[in-house]
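Quick note: the coordinates plus some simple rules give every number you see, no bench work behind them. Nothing here was measured: the structure is a model prediction, and the numbers come from that model. Neighbour counts are summed over all protein chains in view; Cβ atoms, including those assigned to glycine, are modelled from backbone coordinates with ideal geometry.
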Amino acid sequence: MPHSCAALDCTKRCTVQTRTSGVTFHRFPKETNLRKRWVKAVRRKGFSPNTSTRLCSEHFKKEDFDRTGQTVRLREGVVPSIFSFSTPPKKRRAAKTTKALPKKEKSQEVASAPPPPKQEPPPCPDLDHSYALPPSLGDLKVKLCEALERVESLEREMRNAKDRERRAKNALHVLVEDLKGKNLINEELKQRLDLS
């Protein structure tokens, strides 16, 4: 099963397309303090990563990577820092009041004000099943070109197979006529060979 990025609102999955586009996936660190810093950076309430939880390379700066060997690795102690949160976290503070209301008036005010309706954000069709499409238009074009090349290759193979079959039938026909001309084959046997 391919890994998915654990970051909020990130739809990257570890597929052939993402690997060819240079996206890599990285496990959460085992070291406790660094792991806590990663979890805090992800900003998911109640989130607890396990051994298979990954973050994609889109959430790290270019200088966070060690690309000296064949394997792309994160440098020691780096923390993911690139996220696209829809709303930044806000610390709510109680508004200061200069005059306290009597308890009776306060309860009446609360009862008369209806709670604000909870609005859900409209669904984003672009993100729905985004794993089925390559991440960019360029990748989609590459995929289309590969598919067209495959179709052309299969059509060429089919034409070659039909040509081979036609040549084999012609060779068999010539051989049967040659055998008949030498009186080594009778008419009944010739008809049998022509049918098969």
Quiz item: Per residue and in Å³, how big is the convex hull formed by the alpha-carbon atoms of region 1-87?
Solution: 111
Self-check item: Extreme residue, positive dipole direction of region 1-87, given options Ser21, Ser52, Ile82 (C-beta unit charges)
Solution: Ser52
Quiz prompt | Expected-Rg normalisation [2.2 N^0.38 Å, Cα atoms] applied to region 138-195 | solution = 2.06
Quiz item: Assigning unit charges at the beta carbon (Lys, Arg +1; Asp, Glu -1) and nothing else, what dipole magnitude in debye, to the nearest 20, does region 138-195 show about its Cα centre?
Solution: 100
Practice problem: Calculate, in nm to one decimal, what Glu155 and Gln191 gain on full extension: separation in residues at 0.36 nm each, minus their alpha carbon distance. | Solution: 9.6 nm
Quiz prompt | Rounded to whole Hz, the Karplus (6.51, -1.76, 1.60) HN-Hα couplings of region 18-29, x for glycine and proline | solution = 5, 5, 5, 7, x, 7, 10, 10, 10, 6, 5, x
Quiz item: Placing +1 at every Lys and Arg Cβ and -1 at every Asp and Glu Cβ, with all other atoms neutral, what dipole size does region 1-87 have around its Cα centre, in debye to the nearest 20?
Solution: 220
